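> Before we start, here is the structure in question, set down as structure tokens.
The values are calculated or read from the model by the stated rules, or taken from the named source; none is laboratory data. Note that the coordinates shown come from a computational prediction; the quantities given were computed from them, not determined experimentally. Neighbour counts run over all protein chains shown; Cβ positions are idealised from the backbone, glycine included. Ligands, DNA and RNA are stripped out before the accessible areas are found, and what is left, the full protein with its side chains, is counted by its heavy atoms. Shrake-Rupley method; radii C 1.70, N 1.55, O 1.52, S 1.80 Å.
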Amino acid sequence: MRRLLLSATVSLLAVTAANAEVTEADIADDATITTQVVTNGMGRHLQRFSPLDKINKENVARMVPAWAFSLGGEKQRGQESQPLVKDGVMYVTGSYSRIWAIDAKTGREIWQYDARLPEGILPCCDVINRGAALYGDKVYFGTLDARLVALDAKTGDVVWNKKIADYKAGYSYTAAPLIVDGLIVTGNSGGEFGIVGEVQARDAETGELVWTRPVIEGHMGTLNGKESTMTGTLNATWPGDMWKTGGGATWLGGSYDADTDTLVFGAGNPAPWNSHLRNAGTPTEGNTGDNLYAASRIGIDPKTGEIKWHFQTTPREGWDFDGVNEVVAFTDREGNKRFATADRNGFFYVLNREDGAFVAAHPFVSEITWASGIDDTGRPIFNEANRPGDPTAAADGKKGETIFAVPSFLGGKNWMPMAHSPKTGLFYVPSNEWGMDIWNEPISYKKGAAYLGAGFTIKPIFEDHIGSLKAIDPTTGEIKWEYKNDAPLWGGVMTTAGGLVFTGTPEGEFKAFDDETGEQLWSFQLGSGIVGQPITWDQDGVQYVTVLSGWGGAVPLWGGEVAKKVSYLNQGGMVWTFRVPDQVASN
Ligand code: CA
């Protein structure tokens, strides 16, 4: 009798769980299944385009809150998460490695999980998290002590918890993990501490490592617990032992292009910032000083972790122009399969999806100083006078020549994702117009300490704005329209078949623009700055739009004169969900 009862209970649970499971097909088709959002980027191509048009240019002015949810506590720092939605449940990550499951229709909490963080974590750029991943019956997210946690999506109970890297050496984790065919694929954060960027693939069920791929030349990869191949060629582009602490953090995570069966990850700046220590300021014979594969996009075989191709946006990098920004797969007007990526260095690149080969590049911010353009091979045409000077050339050997460079090290565009509309063919790019004083200093590596060898202060370059949302034609580089914002933009963008472009501002305004003209059609004050990533989905026939508010991120911590300018902005931590009511009282 007891045995019978037990088996009945088990099968009932199995049926319930089956409803909520996220399959490879759900992930592959996420861009077109409008009742869910189960991928970072709203589809594997990262277009952040929804085919939904129930909310559109005609009715968006009537959009109002459906519910709001507080992340609570005293941990109100930058909220950069992209929520996920499956079967009426929303999964949201928050500052300080917290995650919630929320009823997507009402905003009622289902469960909350707080990671227990050790003393001495070393997040460089605020205690943020950019989102979770869903697969099978689990929800996954990374934590600030560089761990990856798998939770039961129904209960929030821990299934497994694995170490990605040593937080004491400066590693952390903030990106949304990536799911590809039963693997969970992650990068790492910590590029300002002389860590080594790496991509890791694990069995999503057990958390066991399948392969690892460091992204700095000279380091060995692994496959099934054994050494596989060396990344690049030892000392081809790095002098001496500098590659051992060479940076290249893969901190923004990656994407998967199913058409070419390729993972695409970006690698951050080479370490340290002082490029003269890496031979990048003055390359010598037999060593280019390019410092591969830092400041690059890298195509990786998902089965073996082998590098298939790379494209380095900023060889001989010397301005903290991380090469991590998201790579969006799209089809151009002639039907060519392309990638687009808007780099920290101020140029918008189009690459061939088959092999990552350079197609074209156009500047997307004004007054770029460090390069006069990009040549036919995709290599920058450097302005050598705009490289921060070598401190060993200074009289006291302590401070190299200071230069004023545009963009600032926080980039023409930083982490905040752009959107692409296949309807208009345009990219909607959240950018910033700013520059910096920057100089180099001597530095040597010390585990767990900042490894920069540079000093800097960011400054605005225009009186009336820093933030600039631009609609860009990827073929010509033409800027079709621009929205200028006083504070730097730091939140993601989404576009819809309803002809709308959504984004938020640090001033707390969540906005909708006309995708063709840039006319502002709607705005709503969310009480704290918006650095989150909007999503939209259909629940029981109603279209909802969600975004987090909660000011923070890198600007208040690293923004120099700009940080002072925006120091009045208040912190927060809310999930806001909107809809257009069916009926509005008419009298
Ligand atoms: Ca960096």
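> What ranking of ILE443, ILE368 comes out by heavy-atom accessible area, probe 1.4 Å, highest first?
From most accessible down to least: ILE443, ILE368.
> Suppose a student asked you for the relative contact order of the range 347-470, using Cα pairs under 8 Å spaced at least 6 residues apart; what percent would you report? Don't skip to the answer; put the middle values down first.
Details: 238 pairs, mean separation 24.0, N = 124.
RCO, the range 347-470: 19 percent.
> Calculate the radius of gyration of the Cα atoms of the range 272-351 to one decimal place, then report Dmax, the largest Cα-Cα distance, as a whole number, both in Å.
14.7, 44
> Sticking with this structure for a sec: Work out the P(r) tail for the range 476-587: percent of alpha carbon pairs separated by more than 20 Å, whole number.
In whole percent, the share of Cα-Cα pairs in the range 476-587 beyond 20 Å is 47.
> Go ahead and collect, in residue order, the members of the range 249-279 whose backbone nitrogen is under 16 Å from a label point 7 Å along the Cα-Cβ direction of GLU401.
Answer for this model: 275-276.
> Turning to a different aspect of this structure: Bins of 5 Å, beginning at zero and ending with the bin holding the largest distance: percent of Cα pairs per bin for the range 79-174, please.
Each 5 Å bin holds this share of Cα pairs: 3, 15, 26, 25, 17, 9, 4, 1, 0.
> If one takes the longest principal axis of the Cα atoms in the chain, at what angle in degrees, from 0 to 90 and to the nearest 10, does the Cα axis of helix 2-20 lie?
Helix 2-20 sits roughly 60 degrees off the main axis of the chain.
> What is the distance in Å between the Cα centres of the range 348-409 and the range 188-255?
So the separation of the two Cα centres works out to 25 Å.
> In the range 241-302, with Lys and Arg counted as +1 and Asp and Glu as -1 at Cβ, which of these residues, GLY254, SER275, GLY286, has the Cα nearest the positive end of the dipole, that is, farthest along it?
Among GLY254, SER275, GLY286, the one farthest towards the positive end of the dipole of the range 241-302 is SER275.
> Tell me the accessible surface of PHE347 in square angstrom (1.4 angstrom probe, heavy atoms of protein chains only), to the nearest ten.
About 10 Å², ignoring ligands and nucleic acids.
> May I have the convex hull volume per residue, in Å³, for the Cα set of the range 397-484?
So the per-residue Cα hull volume is 139 Å³.
> Taking the alpha carbon gyration tensor of the chain, what are the square roots of 5 times its eigenvalues, largest first, to the nearest whole Å?
On the way: eigenvalues 264, 164, 99 Å².
Value: 36, 29, 22 Å, ordered largest first.
> Now a separate question. Can you tell me how much longer the chain between THR331 and VAL542 gets when fully stretched, taken as 0.36 nm per residue apart minus their C-alpha distance, in nm with one decimal?
Additional length available on full extension: 73.0 nm.
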